[in-house]
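For reference, the structure discussed in these notes is given below.
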Amino acid sequence: MALLKPRFKRSPLKAPDDFRNALGDWFSGEGKDYPWRRTSDPYAVLVSEMMLQQTRVAHVLGKGYFTRFLEAFPDVKSLAAADDSRLLKAWEGLGYYRRARMLRATAAAVLNDHGGIFPDDEAALLALPGIGPYTAAALLSFAFGKPSALVDGNVHRLLSRLMDDAAPIDTSATRKRHTDWAHDLCDPENPRRHHYAMMELGQTICRPGVPRCELCPVAKFCEATEPQNLPVKKKRAAITEISEHAIWLHDAEGRVLLHRETGSRRNGLWKLPLRSQQECAVSPLIFSDAYTITRYKVLLNVHTGAGHQPGEGDEWISREELAAIPMAAPFRRAILRLLADL
Ligand code: SF4
């Protein structure tokens, strides 16, 4: 492939102050104003970090999830006391509901073990449930203004290119090397701004695919010659396609038959009652939609419920209750669409 940019040999590690200044100046002028960047409250920082794991910034911003969650649970005390239904409802639409319960467990530990005050050292943070090295580093820098090594997917890509590192990023050796580089590059005077800038540069300019090197504030420190080919990844796990079959039953009062999940990843969430493909063989299909979860691509097929009976765990839910109960987004979408057709 043709060269995209000239090669520079001035590694940021050789001139870290110049690199930090160029990056920091750019971010001070161009950095985006996200709601979680206006606070250094460790609880709010933790909520944002949990939400942004596996969920894109635009999605979290789009429906105001962060602000609404903090309105529902403004501090560790209120979150630690939250019942499952309220908690999952506040998290609805973000997916990966395990994160919500883990967040509540973290809040309970901060309340019970630290009197409601977040510890500001790495070892104590790592001892809290749900907090790994990445989240601990985020809290240290964003809440407490301490230097840390913070490497998300955007920063991995940025570091691969800055250092012209063609080793696969999804190996522990590369992750360790990038963490060491991130630590050495972190601005001790302003770690908060530095990490936000690294993440945003990776997100907006050193973006996936072809980066916008012509706009890059640290281009003169970048050693990559073919950045569009970096980072390198090991082969991805194959996506498995599966189907699920649900029934749509409503009664004369407009109530809908739903099922409350137990003992699974979505424990406590409501959905349409599922039946086997065989049981739905003669039930006309009235709605279908595909969604992805982890390595599965799921085709949700909804059939008319005529001839089906409520099963164990199925309940009739009124329209008013429907709005208040927690439900995974694919089922919420299906139900709203089917109600509109009634
Ligand atoms: S945008 Fe281009 S110049 Fe800047 S770090 Fe990425 S690859 Fe290097």
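Here, each number is a calculation from the coordinates, and none is a lab measurement. These numbers were taken from a predicted model, which means no experiment stands behind them. Methodologically, a virtual Cβ is constructed for each residue, glycine included, from the backbone with ideal geometry; neighbour enumeration extends over all protein chains shown.
Distant-in-sequence amide contacts of ILE286, defined by a placed amide H-H separation under 5 Å and a gap of 5 or more residues or a different chain, comprise VAL302, HIS303, THR304.
Converting phi to 3J(HN,Hα) with the Karplus coefficients 6.51, -1.76 and 1.60 and the offset θ = phi - 60°, segment 272-289 yields 5, x, 8, 9, 6, 4, 5, 5, 9, 4, 9, 9, x, 7, 10, 7, 8, 7 Hz in sequence order, with x at every glycine or proline. Placing dummy labels 7 Å off each Cα toward the beta-carbon, the span from ARG207 to GLN278 is 5.0 nm.
Coupling constants for segment 191-203 follow from the phi torsions by the Karplus curve (6.51 cos²θ - 1.76 cosθ + 1.60, θ = phi - 60°), and in residue order they are x, 4, 4, 4, 5, 4, 5, 4, 5, 6, 4, x, 6 Hz; glycine and proline get x. For segment 156-303, the relative contact order is 23 percent, taking Cα pairs closer than 8 Å that sit 6 or more residues apart in sequence and dividing their mean separation by the residue count. Approximating the spin labels as points 7 Å out from Cα along Cα→Cβ, the GLU30-to-ASN229 distance works out to 2.6 nm. Once backbone amide H atoms are built at 1.01 Å from N, ILE293 has VAL298 as its partners under 5 Å, excluding neighbours fewer than 5 places away on the same chain. For the pair ASP289 and LEU126, what calculated FRET efficiency results from E = 1/(1 + (r/R0)^6), where r is the Cβ-Cβ distance and R0 = 35 Å, to the nearest 0.05? Calculated transfer efficiency: 0.30. For segment 50-103 versus segment 287-336, the spacing of their alpha-carbon centroids is 21 Å.
Karplus-based coupling profile of segment 103-112, in residue order and whole Hz: 4, 5, 5, 5, 4, 5, 5, 5, 5, 7, with θ = phi - 60° in 6.51 cos²θ - 1.76 cosθ + 1.60 and x standing for Gly or Pro.
Mean sequence separation of contacting Cα pairs (under 8 Å, at least six apart), scaled by the length of the chain, corresponds to a relative contact order of 19 percent. DSSP beta bridges fully contained in segment 240-340 are about 65 percent antiparallel. Each other residue within a Cβ distance under 12 Å of THR135 adds +1 if Lys or Arg and -1 if Asp or Glu, for a net charge of -2.
Counted by neighbouring Cβ atoms within 10 Å, the residues THR292, THR135, THR225 run from fewest to most as THR292, THR225, THR135.
Seen from ASP75, the other residues with C-beta closer than 14 Å to its C-beta sum to a net charge of 0, counting Lys and Arg as +1 and Asp and Glu as -1. Expressed to the nearest 5 percent, the antiparallel share of DSSP beta bridges inside the chain is 65 percent.
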